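The values are calculated or read from the model by the stated rules, or taken from the named source; none is laboratory data. None of the values given here were measured: they were computed from a predicted structure. No Cβ is skipped: glycine too gets one built from the backbone with ideal geometry, and neighbour counts run over all protein chains shown.
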Amino acid sequence: MTVLVDSGTRVVVQGITGHQGTVHTVQMKLFGTQVVAGVTPGKGGSQVEGVPVFDSVAEAVAKTGANVSVIFVPAPFAKDAFFEAADAGIPLVVIVTEHIPFHDMLTMYYYGRLRGTRIIGPNCPGIAAPGKAKAGIIPNVVFRPGRVGVISRSGTLTYEIVNGIKEVGLGQSTCIGLGGDPVIGTTFVDALPLFDRDPDTDLLVLVGEIGGTAEEEAAEYIRHHFSKPVVAYIAGRSAPPGKRMGHAGAIIARGRGTAASKLSALQAAGATVADFPYDVPTLVAQRLKELGSR
Amino acid sequence: MTVLVDSGTRVVVQGITGHQGTVHTVQMKLFGTQVVAGVTPGKGGSQVEGVPVFDSVAEAVAKTGANVSVIFVPAPFAKDAFFEAADAGIPLVVIVTEHIPFHDMLTMYYYGRLRGTRIIGPNCPGIAAPGKAKAGIIPNVVFRPGRVGVISRSGTLTYEIVNGIKEVGLGQSTCIGLGGDPVIGTTFVDALPLFDRDPDTDLLVLVGEIGGTAEEEAAEYIRHHFSKPVVAYIAGRSAPPGKRMGHAGAIIARGRGTAASKLSALQAAGATVADFPYDVPTLVAQRLKELGSR
Amino acid sequence: MVKLAEWRGKEIFRRYGIPVPKGRVVRSAAEADELLRSGALSLPLVVKAQVLAGGRGKGGAVKFASTPEELRAVVSGMLGMRFKDETVKELLLEPKVAVGRELYLSIALDRSAREPLLIASAQGGVDIESMADDQLLRIEVHPFAGLASYEKRQVATSFGLEPPASKELGNVLEAVWKAFQLEDAELVEINPLAVVDGHLLALDAKVVIEDDAGFRHPEYAEILDDRTPLEEIAREKEIAFVQLDGDIGVIANGAGLTMATLDVLAQFGGRPGVFLDLGGTDDPNKVTEAFLLMAKAHPSVVFLNIFGGVTRCDTVAKGLVAAMKLVPEEDRFPLVARIRGNNEDLGRQILQAAGITALSDLKASAQAVVAAERPRVAGKAPT
Amino acid sequence: MVKLAEWRGKEIFRRYGIPVPKGRVVRSAAEADELLRSGALSLPLVVKAQVLAGGRGKGGAVKFASTPEELRAVVSGMLGMRFKDETVKELLLEPKVAVGRELYLSIALDRSAREPLLIASAQGGVDIESMADDQLLRIEVHPFAGLASYEKRQVATSFGLEPPASKELGNVLEAVWKAFQLEDAELVEINPLAVVDGHLLALDAKVVIEDDAGFRHPEYAEILDDRTPLEEIAREKEIAFVQLDGDIGVIANGAGLTMATLDVLAQFGGRPGVFLDLGGTDDPNKVTEAFLLMAKAHPSVVFLNIFGGVTRCDTVAKGLVAAMKLVPEEDRFPLVARIRGNNEDLGRQILQAAGITALSDLKASAQAVVAAERPRVAGKAPT
């Protein structure tokens, strides 16, 4: 068992005939993923990189048994693409598309909950379990199978850190890039239990950013419910106070959302905090050594 | 353990100062139910039959630990009353109010699912577990503690049958009147698993009516998943074909919804079918005897 | 359930942006003449009786007129005619059009799925019940998501239209959904949705509004629906009342118990004629009204079967006793009363004081009713 | 994020039925004169500079005028003045009113709850951040349920208004919610929502529209927001660009990596001055544009830190090489390039061919950048 994707994962790519859809179909296949179908309305019957294209997700599911969708369609059409995936009964949808209005995401998130469909993203790198499957866009080169789980709100920073873990000779169980948008389908708190009960994960790396309160909430969860060691890094400690949203935003966050607040919450929860991205792999190796695991 | 209500049930009555609200508060208390609060906006601070009245459900929950709401407010305000109960975190809401538009009920049902709030009803007699608690309006006189579960779409017909069970010297574990409206929060299929895993229920009586396909779906569930004996009665076998909804309704139901269809589905699922209401208690006694239970 | 006449349905369609023919309603031949004379309408016209029953085309309730004389004759002939229990009082006059394809669209509630169901068929114009399942596209529409674009594409694909009709379809679908939701409809049906000169045009409109949503729609309060006169009186008194073919009158409380009562009567050979459900009430006057209404239906015997819940036995007893004094001699009927449940003893006492013995066993009561029906005795209740 | 000027916010309010003063926008003293002369406005008036920053009252950006002379003087004095980095180009003229109570209302997104949050306070008119928590009523509004009646009652109770204001509140609340949802707003704020002659009146309007919803709102496309001129150019090129106080230019891809880069530079004592995020692109021209933009900011050294994902290392290398040829002599800057990830080797080769050595270790690269900043060498990248 792994977190969310495994060797039974069968990916359908929505928007496969677009440039990014095609590029990442190739990359997912090179990763060893079963990419079984693509969907682009009006292009049913064609093929992209050997993957059959269908007019609808329902048809793709019926004919190929697809059980994970990766959405690359442009933002104005992303909500509809998600509805289609959820209505076709797909339980996990990774939305790579960026610039989706948060009002749309609110609808998608709650609709997904009613339909039993989990969203990763939007505006996210997706999920990868080395040796098993990838549903998203994280570069293949950074991975190597292992027992370190990674969850992150960032994109390229995740690649940087995952790559660092590889470079010290360790590997990853599953890596999830949650996306950094105001409303995301799966938060740290939503993802933590998945890693906690994953027998293939010994330690979790949590990569956060300033802004919002997701890391504080993660710390709260870790403190009370999470049983594995955590190494955390928060980007933005040197950044000047942001100017987003003005008053009401400040009221909602009230004294949370700064790097200091996140770091102290995580430390209080027992996480090992890395000051810089290149410190993460060393700390991971240390904690694993303490565990007597590898 | 019982089904949905038990001795830990703490009832808040929404619309307690209305006539029906007051009458049934008394009856629920006489049944032995802990009716801990009433809510009528603007009447907070007063009392009804010794029960404190609050202006809001949130306040009632905070001050009394209410965990089940029974709604008596008029139909135009029922949706809002339900939102208030769900937002206050109440997990079970019994809606006695009749004539709620089904468009409202659709909203309420899905909203309840998102909030983790189960609806019984609307337009329903509610739930009673003799010796434990009652959340609704079924007359107290028909009950006697025992091991027969009852679920029904009807109102008074339920009383008739529950009373019949008492009159042959048996008793009930829990009785749920689901309501007969086009959209109900808890259907036979939703309620069946609750009775199946209730250790206090040995046998289930299912009371249905012609129209819709709820009984056919119940039969399907019973056939594949339900482990206890079932005695079923369907009202309306002599009724002429209805004229509801015309064409589109007929298309949706296609050949289902008649008494014959329901009876044969239930029989095929292994249920014992009673031809008339007064046959139910005898058949229940027979099946229980076969079980060697009492 | 408020079934709207075609012209009212089309007014709603127009409001939501569904294209409909430019028609006018007339209630006399003079009005039709005047519309023609003023140029508001031009020949040839189709004349459609505004009745609620189906099968108007075959039943002579839809006719064409090409000359002013023909129009006058058709209008005069149709107004006042009887069509399946309805009297024709209004006619819809529309320009006659050259119909290309005929499609079908509707939205109604799917109770099992707890979602509205959109049904589309490329073979419209005929009775939807006669269509094969594989000619119907069914799309569940979630109330929180609305009709998604991909679902509209599904309908478009199944219809296979050419522009401009293909471009108009999305708006029509959205409008059907919005009308269903915002008008609190039980049914919105367009059959046929025709293609006329390449454009979509709703040639018929069936819209059914939910009674219970009346508090949001005072505009529908005054529209009569398809009840018989007695049923209409019952509606005003908020008593569920259905006329059947037999001669036993049944007064019970609750739909399930009422149906079970009919079943039991049928078991012993009784033929129910009027089915009257008191519902939940604690007003003895409503019970009295129910009995007075029942008397007007002239049943050969009345079976009162009450299981007291919200409606308590004493309330029913009081209402019955009051009614017995008010029913005119010529409308009297034999009565079998059976009461159980809340305040049963009190109810029994009240009836006893008025000389009425209430039974308690359902089976025995039903047998007594059928026995009373057989000999057709006129007079008072068996005491 | 599109922050709307007060008068645009009030136009939205008017459209949704929130009462606002009958004001007019002027861009010259002559326009103000003419409005007075024609009777469109009458004295006394309040003159409000249409700038986006807060603190206008204390900052002299809101003034009163009681005579035509005073009005001319106030308008002339205010137009063209600088207010916290903005130049005043528009003034809103409104009738001066006698303000009774001042309330506060807003809706914004609560990211953690994944629900819009309505905030109400009976103590409006002041900076909301300065209010104590117990003066604020917070109500989560579920997007599928909308603002429920019981929630409106909660606000009404906390405000404790008299009629007619108490009766108007429900509509104002509904309008705030609808505007938030239908205008794709990030923030709708009324502060103060005043009571004037017993009626509610929105005396200020702060509406922030979400950039990403632009495809639904072409009407906001042309409205300038609060970016600096360089940031504005970057927006047109779809490059995230933020100006800070230091002198190191940072070009990275992805917000998280960019922030981490700033953190690492700070560790070694570097002072970042321009923060430029390429995002995900596979267009070398966009990379070239980014470098040209960076050159305009005249950094003392530029740190290119790329982890190739969607944005591949070879794309960045090509764009950089092209830029180096286009940057004018006087705008040249020293460069430290660090590339990793997708097509790293290819990117390294392309840079090598142009005489640029790309590093791979982040720590070492950052140290090189800070070293290059210190001596303030003008010239090419350290090769």
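Within region D:190-205, which residues are touching a Gly at 6+ places or on another chain (Cβ under 6 Å) and either outside any strand (DSSP E or B) or basic (Lys, Arg) (or both)?
Once the filter is applied, which keeps residues that are touching a Gly at 6+ places or on another chain (Cβ under 6 Å) and either outside any strand (DSSP E or B) or basic (Lys, Arg) (or both), region D:190-205 yields only D:Ala205.
Here is a check on your reading of the model: is A:Asp181 outside any helix (DSSP H, G or I), surrounded by fewer than 24 Cβ atoms within 10 Å (Cβ to Cβ) and either within 11 Å of another protein chain (Cβ to nearest Cβ) or under 10 Å from the mean Cα position of the chain (by Cα) (or both)? Show your work before the answer.
Details: outside any helix (DSSP H, G or I): yes; surrounded by fewer than 24 Cβ atoms within 10 Å (Cβ to Cβ): yes; either within 11 Å of another protein chain (Cβ to nearest Cβ) or under 10 Å from the mean Cα position of the chain (by Cα) (or both): yes.
Against the criterion (outside any helix (DSSP H, G or I), surrounded by fewer than 24 Cβ atoms within 10 Å (Cβ to Cβ) and either within 11 Å of another protein chain (Cβ to nearest Cβ) or under 10 Å from the mean Cα position of the chain (by Cα) (or both)), A:Asp181 qualifies.
Confirm whether C:Gly256 is under 21 Å from the mean Cα position of the chain (by Cα) and without any contact (Cβ under 8 Å) to a residue 40 or more places away in the chain. First the steps, then the outcome.
Working: under 21 Å from the mean Cα position of the chain (by Cα): yes; without any contact (Cβ under 8 Å) to a residue 40 or more places away in the chain: yes.
The answer is yes for C:Gly256.
Aliphatic (A, V, I, L, M), surrounded by 22 or more Cβ atoms within 10 Å (Cβ to Cβ), at pLDDT 95 or above and within 25 Å of D:Thr281 (Cα to Cα): which single residue out of A:Val26, A:Val39 fits that description?
Working: A:Val26 fails: surrounded by 22 or more Cβ atoms within 10 Å (Cβ to Cβ).
Of A:Val26, A:Val39, the one residue that is aliphatic (A, V, I, L, M), surrounded by 22 or more Cβ atoms within 10 Å (Cβ to Cβ), at pLDDT 95 or above and within 25 Å of D:Thr281 (Cα to Cα) is A:Val39.
Taking the condition of being more than 11 Å from chain B (Cβ to nearest Cβ) and either surrounded by fewer than 19 Cβ atoms within 10 Å (Cβ to Cβ) or over 17 Å from A:Leu114 (Cα atoms) (or both), how many residues in region C:141-152 meet it? Step through it out loud before you land on a result.
Looking only at region C:141-152, we keep the residues that are more than 11 Å from chain B (Cβ to nearest Cβ), and these are C:146-152.
Narrowing further to those that are either surrounded by fewer than 19 Cβ atoms within 10 Å (Cβ to Cβ) or over 17 Å from A:Leu114 (Cα atoms) (or both): C:146, C:149-152.
Of the residues in that region, 5 qualify.
Would you be able to say whether some residue in region A:127-139 is of a type in the set (Gly, Ala, Ser) and within 13 Å of chain D (Cβ to nearest Cβ)? Walk me through how you get there before you give the answer.
So the first thing to find is which residues in region A:127-139 are of a type in the set (Gly, Ala, Ser), and the list is A:128-129, A:131, A:133, A:135-136.
Those still in the list that are within 13 Å of chain D (Cβ to nearest Cβ) too: A:128, A:136.
Yes, there is a match, as at least one residue in region A:127-139 is of a type in the set (Gly, Ala, Ser) and within 13 Å of chain D (Cβ to nearest Cβ).
Please pick out the residue among A:Ile165, A:Ile151, A:Ile161, A:Ile176 that is assigned by TED's automatic domain parsing to the domain that holds A:Gln286, touching a residue at least 24 places away in the same chain (Cβ under 8 Å), closer than 17 Å to A:Ser69 by Cβ and outside any loop (DSSP other than H, G, I, E, B).
Numbers: A:Ile165 fails: closer than 17 Å to A:Ser69 by Cβ; A:Ile151 fails: closer than 17 Å to A:Ser69 by Cβ; A:Ile161 fails: closer than 17 Å to A:Ser69 by Cβ.
Just a single option satisfies the conditions, and that option is A:Ile176.
Which residues, taken from region D:180-213, are under 19 Å from the mean Cα position of the chain (by Cα), within 15 Å of A:Phe102 (Cα to Cα) and either surrounded by fewer than 21 Cβ atoms within 10 Å (Cβ to Cβ) or more than 12 Å from chain A (Cβ to nearest Cβ) (or both)?
Correct list: D:Asp211 only.
Report whether or not A:Phe54 is modelled with pLDDT of 95 or more, of a type in the set (Phe, Trp, Tyr), out of contact with any Gly (no Cβ under 9 Å at 6 or more places or on another chain) and not assigned by TED's automatic domain parsing to the domain that holds A:Gln172. Don't jump to the end; show me each part of the working.
Working: modelled with pLDDT of 95 or more: yes; of a type in the set (Phe, Trp, Tyr): yes; out of contact with any Gly (no Cβ under 9 Å at 6 or more places or on another chain): no; not assigned by TED's automatic domain parsing to the domain that holds A:Gln172: yes.
In short, no.
Restricting region B:113-125 to residues that are within 11 Å of chain C (Cβ to nearest Cβ) and assigned to a helix (DSSP H, G or I), which is farthest from the chain's Cα centre (by Cα)?
Filtering first and then ranking leaves B:Leu114.
Taking the condition within 25 Å of the chain's Cα centre (by Cα) and not assigned by TED's automatic domain parsing to the domain that holds D:Leu203, does D:Ala61 pass? Quick ask: steps written out before the conclusion?
On the way: within 25 Å of the chain's Cα centre (by Cα): yes; not assigned by TED's automatic domain parsing to the domain that holds D:Leu203: yes.
Criteria met by D:Ala61.
Hey, does region B:161-173 have a residue that's more than 13 Å from chain C (Cβ to nearest Cβ) and either closer than 23 Å to C:Leu109 by Cβ or of a type in the set (Ser, Thr, Tyr) (or both)?
Yes, because at least one residue in region B:161-173 is more than 13 Å from chain C (Cβ to nearest Cβ) and either closer than 23 Å to C:Leu109 by Cβ or of a type in the set (Ser, Thr, Tyr) (or both).
Hey, could you check region D:242-267 for residues that are more than 7 Å from chain A (Cβ to nearest Cβ) and part of a helix (DSSP H, G or I) and say which is nearest to D:Val287 (Cα to Cα)? Lay out the reasoning, then the answer.
So in region D:242-267, the residues more than 7 Å from chain A (Cβ to nearest Cβ) come out as D:242-243, D:245-252, D:258, D:261, D:265.
Filter once more, so that each one left must be part of a helix (DSSP H, G or I): D:258, D:261, D:265.
Numbers: D:Thr258: 15, D:Thr261: 18, D:Leu265: 22 Å.
The selected residue is D:Thr258.
Restricting to region D:111-128, and then to whatever is within 7 Å of chain A (Cβ to nearest Cβ) and at pLDDT 95 or above, can you tell me which residue is farthest from D:Leu169 (Cα to Cα)?
The extreme case among them is D:Arg114.
So D:Arg14 fits all but one of (1) at pLDDT 95 or above; (2) within 21 Å of the chain's Cα centre (by Cα); (3) surrounded by fewer than 18 Cβ atoms within 10 Å (Cβ to Cβ); what number is the exception?
Of everything listed in (1) at pLDDT 95 or above; (2) within 21 Å of the chain's Cα centre (by Cα); (3) surrounded by fewer than 18 Cβ atoms within 10 Å (Cβ to Cβ), D:Arg14 misses just condition (2).
Restricted to region C:153-165, and to residues that are facing chain A (nearest Cβ under 9 Å) and among the polar types (S, T, N, Q), which residue is surrounded by the most Cβ atoms within 10 Å (Cβ to Cβ)?
To start, the set of residues in region C:153-165 that are facing chain A (nearest Cβ under 9 Å) comprises C:153-154, C:157.
Remaining after also requiring among the polar types (S, T, N, Q): C:154, C:157.
Values: C:Gln154: 20, C:Thr157: 15.
Ranking the candidates gives C:Gln154 first.
Answer yes or no: is there a residue in region C:63-82 that is in a loop (DSSP other than H, G, I, E, B) and among the charged types (D, E, K, R). Steps first, answer last, please.
To start, the set of residues in region C:63-82 that are in a loop (DSSP other than H, G, I, E, B) comprises C:66-67, C:79-81.
Keeping just the survivors that are among the charged types (D, E, K, R) gives none.
For region C:63-82, residues in a loop (DSSP other than H, G, I, E, B) and among the charged types (D, E, K, R): absent.
Give C:Phe303, C:Phe291 a once-over and let me know the one that is more than 14 Å from chain B (Cβ to nearest Cβ) and under 29 Å from the mean Cα position of the chain (by Cα). Outline the logic, then answer.
Working: C:Phe303 fails: more than 14 Å from chain B (Cβ to nearest Cβ).
Every option except C:Phe291 fails the conditions.
Considering each residue of region D:307-362, count those that are among the aliphatic types (A, V, I, L, M), part of a loop (DSSP other than H, G, I, E, B) and more than 31 Å from the chain's Cα centre (by Cα), and give that number.
Of region D:307-362, the ones among the aliphatic types (A, V, I, L, M) are D:310, D:316-317, D:320-324, D:326-327, D:335-337, D:339, D:346, D:350-351, D:353-354, D:356, D:358-359, D:362.
With the extra rule that they be part of a loop (DSSP other than H, G, I, E, B), the set shrinks to D:310, D:327, D:354, D:356.
If we keep only those that are more than 31 Å from the chain's Cα centre (by Cα) too, we end up with D:354, D:356.
Count: 2.
Can you name the number of the only condition in (1) at pLDDT 90 or above; (2) surrounded by fewer than 24 Cβ atoms within 10 Å (Cβ to Cβ) that D:Lys296 fails?
Result: D:Lys296 fails condition (1) only.
For every residue, the table says whether it meets (1) buried (at least 20 other Cβ atoms within 10 Å of the Cβ); (2) modelled with pLDDT of 95 or more; (3) at positive phi.
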| position | (1), (2), (3) |
| --- | --- |
| B:Ser238 | yes, no, no |
| B:Ser261 | no, no, no |
| B:Ala265 | yes, yes, no |
| B:Pro281 | yes, yes, no |
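Considering only residues that are in contact with a strand residue (DSSP E or B) (Cβ under 6 Å, 6 or more places away or on another chain) and basic (Lys, Arg), look in region C:17-53 and name the one that is surrounded by the fewest Cβ atoms within 10 Å (Cβ to Cβ).
C:Arg24
Here's a check for you: in region C:166-176, which residue that is more than 14 Å from chain A (Cβ to nearest Cβ) and farther than 16 Å from C:Ile209 by Cβ is modelled with the lowest pLDDT?
Of the residues in region C:166-176, the ones more than 14 Å from chain A (Cβ to nearest Cβ) are C:167-169, C:171-172, C:175-176.
With the extra rule that they be farther than 16 Å from C:Ile209 by Cβ, the set shrinks to C:167-169, C:171-172, C:175.
Working: C:Lys167: 94, C:Glu168: 97, C:Leu169: 98, C:Asn171: 97, C:Val172: 98, C:Ala175: 98.
Looking at residues that are more than 14 Å from chain A (Cβ to nearest Cβ) and farther than 16 Å from C:Ile209 by Cβ, I get C:Lys167.
Among the residues of region C:287-300, write down those that are touching a helix residue (DSSP H, G or I) at 6+ places or on another chain (Cβ under 7 Å), assigned to a helix (DSSP H, G or I) and not hydrophobic (A, V, I, L, M, F, W, C).
C:Thr288, C:Lys296
Quick one: is C:Gly60 within 14 Å of another protein chain (Cβ to nearest Cβ) and either in contact (Cβ under 8 Å) with a residue 40 or more places away in the chain or not hydrophobic (A, V, I, L, M, F, W, C) (or both)? Spell out the reasoning first.
On the way: within 14 Å of another protein chain (Cβ to nearest Cβ): no; either in contact (Cβ under 8 Å) with a residue 40 or more places away in the chain or not hydrophobic (A, V, I, L, M, F, W, C) (or both): yes.
No; evaluated as a whole, the condition is false for this residue.
Criterion first (of a type outside the set (Phe, Trp, Tyr), over 30 Å from A:Thr201 (Cα atoms), touching a residue at least 24 places away in the same chain (Cβ under 8 Å) and surrounded by 23 or more Cβ atoms within 10 Å (Cβ to Cβ)) does A:Ile16 satisfy it? Talk me through it step by step, then tell me what you get.
On the way: of a type outside the set (Phe, Trp, Tyr): yes; over 30 Å from A:Thr201 (Cα atoms): yes; touching a residue at least 24 places away in the same chain (Cβ under 8 Å): yes; surrounded by 23 or more Cβ atoms within 10 Å (Cβ to Cβ): yes.
Yes: the conditions hold for A:Ile16.
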